[in-house]
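The structure appears below as structure tokens.
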Amino acid sequence: KSLSNYSSLLSSWYVVVIRELVHFADFEPDPKWIADHLPQKISKKQIEESWQILSELNLVKFDEKTKKFLVTDKALEIDPRVSDFSLKNYHRQNLKLAEEYLEGDERGKREFSSLTLAVYEKQLASLRQKINKFRKNINSEFSQANEEPDHVVSLNSQLLVLSSKQKNKEDG
């Protein structure tokens, strides 16, 4: 499902995480249960507001048959080329979380890698396409799994042009 109005969903990193917690077999929409399953502490009010956002966007629903909450769509897609405040803010929050995990001691809960290489200008578009395809493939494969998950993870990638053969405009 592609979201056109995602500002409230991306308002805080934990809104998306709470949505993913719904996949857990023992999920309870109880603020204490949710707080106990988050790596960072957030308030009861933040949890309640997050649940309201997920409900209003119809991203979670109660299934009368199973008597459990379910996500309405397993794989959400937000176009990474969209650049607005909410998406930028969401990425900032994820970068901050990554920094906190980098400083932590729990190596089994993080995977960091980096690659710096020289490329031709004409390769940049292809590189961006490959990153987007990779992200979509991961989303599709892992969000459609039939087993009930044990973890919620965040996968982030950045492509930064760190230098250019051309002089910076400020250099004259």
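General observations
- Residue check, F112 surrounded by fewer than 16 Cβ atoms within 10 Å (Cβ to Cβ) and either assigned to a loop (DSSP other than H, G, I, E, B) or more than 19 Å from the chain's Cα centre (by Cα) (or both): yes
- Of all residues in the range 63-101, those that are hydrophobic (A, V, I, L, M, F, W, C) and farther than 19 Å from V17 by Cα total 2.
- Selection status of I18, farther than 25 Å from E147 by Cα and either in contact (Cβ under 8 Å) with a residue 24 or more places away in the chain or exposed (fewer than 13 other Cβ atoms within 10 Å of the Cβ) (or both): no
Conditions (1) among the acidic types (D, E); (2) open to solvent by 50 Å² or more (accessible area, probe 1.4 Å); (3) touching a residue at least 60 places away in the same chain (Cβ under 8 Å), marked per residue:
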position	(1), (2), (3)
S86	no, no, yes
H91	no, yes, yes
Y101	no, yes, no
L117	no, yes, no
E121	yes, yes, no
L124	no, no, no
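- Breaking point among (1) assigned to a loop (DSSP other than H, G, I, E, B); (2) surrounded by 14 or more Cβ atoms within 10 Å (Cβ to Cβ), for D79: (2)
- Matching option when the condition is hydrophobic (A, V, I, L, M, F, W, C) and outside any loop (DSSP other than H, G, I, E, B), among L9, L38, L87: L87
- As a summary of the residue check, H151 satisfies the conditions (1) without any contact (Cβ under 8 Å) to a residue 40 or more places away in the chain; (2) closer than 23 Å to D79 by Cβ; (3) not aliphatic (A, V, I, L, M) except for the one numbered (2).
The values are calculated or read from the model by the stated rules, or taken from the named source; none is laboratory data. Remember, predicted model here, so these are calculated numbers, not experimental data. Every residue, glycine among them, receives a Cβ derived from its backbone with ideal geometry; neighbour counts consider all protein chains shown. Heads up: the accessible areas ignore ligands, DNA and RNA and are worked out on the full protein's heavy atoms, side chains in. Shrake-Rupley method; radii C 1.70, N 1.55, O 1.52, S 1.80 Å.
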